[in-house]
Amino acid sequence: MQKLFKIALATAAGFVAGVLIAPKSGKKTRSDIAHKAEELKAKAKVELKDARSVAKKSSTTIKTGAKEVAEELKDLGDDVKKSAESVTRKAKATSKRVVKTAAKTAKAVQADAKSSTTK
């Protein structure tokens, strides 16, 4: 956008310099300057309209992309939550089995110890 402005400014300056140097009457020179100013103003309006259009489209694209990313992150979060719940259930079941096995082993060791001391 700045580059476009610089180009327009340089063009206008070149035109004005050319008009001032050209051998024309003051009235004709002022008329040419006014005409060129109107042309530049019209071009600036078109460029501004185009820039606004691009900005609006970019904004819409960014919003859409952000919504898609948010949905994907939510889905990922849901998957992680489900996985964590599954791992927790499996860990609880495994710990219960370990506790039962440890209890059985402890009883067996106590029984062996009693039978060894009674012999």
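Quick note: the coordinates plus some simple rules give every number you see, no bench work behind them. What you see is a predicted model; the values in this text were computed from it and never measured. Neighbour counts are summed over all protein chains in view; Cβ atoms, including those assigned to glycine, are modelled from backbone coordinates with ideal geometry.
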| field | In Hz, Karplus ³J(HN,Hα) per residue of region 36-44 (6.51, -1.76, 1.60; θ = phi - 60°; x = Gly, Pro) | value | 5, 4, 5, 4, 5, 5, 5, 4, 4
| message | Distance cut-off 30 Å, Cα to Cα: go down the list K6/K56; K3/K63; K81/K104; K3/K36; K6/K28; K45/K67 and report the pairs above it. | response | K81/K104; K45/K67
| Nearest-20 debye value, region 2-118 charge dipole, Cβ charges on Lys, Arg, Asp, Glu | 260 debye
| field | Lys/Arg +1, Asp/Glu -1 at C-beta; the chain dipole; positive extreme among A102, S53, A91 | value | A102
| task | Take the Cα pairs of the chain, get the Kirkwood Rh, then feed it into Stokes-Einstein at 20 °C and 1.002 mPa s and tell me D in µm²/s. | result | 94 µm²/s
| How much net charge surrounds A55 when only other residues with a Cβ under 14 Å from its Cβ are counted (Lys, Arg +1; Asp, Glu -1)? | +3
